[in-house]
Amino acid sequence: MKLTKAEWKDLNDRLVMALRPLTMPVAIKMINDEKDFEAFDNLKMVQNASTGCQLIGISTHFHMTIGITPDKFLTTYCGANCACCERDQEWHDGVLLANPPYPWHGNLDASKAHMASYLETLPEKPYAGMVCSCLDNNEIEDPDCISVQIAASGAFYLMAGLIESDWQKIWFPFSGESQCVDTWIYTIKTGKPGLSLGCRGDRALGNLSNGDVRITLTVDDFVKAVNGVEALQKRGIDYPYFAPIMLPENV
């Protein structure tokens with residue numbers, strides 16, 4: 001779905017008015033060819049080492065459009081999990097998740113199984129990079145997905161809005177570190193919502209605030225969720241609490 005800057009700004013403002021997140025939503029676009037970076041106006045490219053989640057954090061906090069190429073990722077591990085770098089043998093072996101300084105697993109077999117699970121979601125061929133643009137001045141006409149950083153209580157209302165008129169039971173994957181695979185990469189691969197409880201990378205580098213979670217949605221689902229939240233409000237279900245005392249008697 002392609003939307004104009006004015007339409008993106010309207011969606012952004014409606015979400016902010018309804019659920020009051022502390023940061024703006026961010027549009028994410030994965031790049032298939034390095035020449036595709038030229039299509040974006042006002043694009044700033046990462047010059048030093050960074051991460052995918054940090055790109056989202058920079059975009060929302062500084063209201064900017066920013067891109068990254070595979071060679072600028074902080075580590076190959078991060079770049080591979082963001083679907084932008086080739087997966088080397090060290091990645092497949094799970095070394096970084098079993099050895100210091102990040103021993104998330106007590107044995108290498110568990111670490112290998114962890115990494116192997118990502119192959120269900122990651123594309124066979126890495127992308128040539130990614131671009132993030134804050135939704136209040138979005139430079140991406142047709143994003144692959146939208147990332148919403150929001151308090152857990154607001155995330156409940158956002159997801160309730162998504163299923164308000166089209167009920168479905170939603171399941172979220174949890175793989176552990178790193179949550180990029182379970183959020184925007186998962187949403188782009190499957191078309192389903194992703195949820196990050198805030199892995200170490202997302203909290204430290206993505207600037208995901210304490211108490212916030214990250215929800216990723218396709219553009220269609222994001223529009224549906226915003227519309228659904230507003231529909232709930234019209235029936236008196238307001239965030240952050242239910243206030244039926246404010247409803248007209250004939251509602």
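The values are calculated or read from the model by the stated rules, or taken from the named source; none is laboratory data. Computed from a prediction, not measured in an experiment: that's the story for all the values here. Note that each Cβ is placed from the backbone with ideal geometry, even for glycine, and that neighbours are counted across all protein chains shown. Ligands, DNA and RNA are stripped out before the accessible areas are found, and what is left, the full protein with its side chains, is counted by its heavy atoms. Shrake-Rupley method; radii C 1.70, N 1.55, O 1.52, S 1.80 Å.
Some observations on this one:
- One residue from D109, D142, D166, D136 being open to solvent by 50 Å² or more (accessible area, probe 1.4 Å) and outside any loop (DSSP other than H, G, I, E, B): D109
- Considered as a group, the residues in region 235-250 that are more than 28 Å from the chain's Cα centre (by Cα) and modelled with pLDDT of 80 or more include one that is surrounded by the fewest Cβ atoms within 10 Å (Cβ to Cβ), and that residue is R235.
- A single entry from Y102, Y157, Y127 fulfils the requirement of being under 14 Å from A83 (Cα atoms), open to solvent by 30 Å² or more (accessible area, probe 1.4 Å) and either assigned to a strand (DSSP E or B) or touching a residue at least 24 places away in the same chain (Cβ under 8 Å) (or both): Y127.
- Test: residue in region 178-188 that is more than 12 Å from the chain's Cα centre (by Cα) and open to solvent by 20 Å² or more (accessible area, probe 1.4 Å): no
- Close pairs from region 202-223: first more than 28 Å from E7 (Cβ to Cβ), partner hydroxyl-bearing (S, T, Y) and open to solvent by less than 10 Å² (accessible area, probe 1.4 Å), Cβ under 7 Å, at least 6 apart: D202/S196; L205/T51
- Breaking point among (1) under 17 Å from G129 (Cβ atoms); (2) in contact with a Cys (Cβ under 8 Å, 6 or more places away or on another chain), for T60: (1)
- Considered as a group, the residues in region 145-154 that are farther than 25 Å from S117 by Cβ and among the small types (G, A, S) include one that is surrounded by the most Cβ atoms within 10 Å (Cβ to Cβ), and that residue is G154.
- Taken over region 150-174, the residue count meeting the criterion of being within 12 Å of G194 (Cα to Cα) and of a type outside the set (A, V, I, L, M, F, W, C) is 1.
- The condition of being modelled with pLDDT under 95 and in contact with a Phe, Trp or Tyr (Cβ under 7 Å, 6 or more places away or on another chain) holds for only one of Y102, Y77, that being Y77.
- Test: residue in region 23-31 that is open to solvent by 20 Å² or more (accessible area, probe 1.4 Å) and under 30 Å from A231 (Cβ atoms): yes
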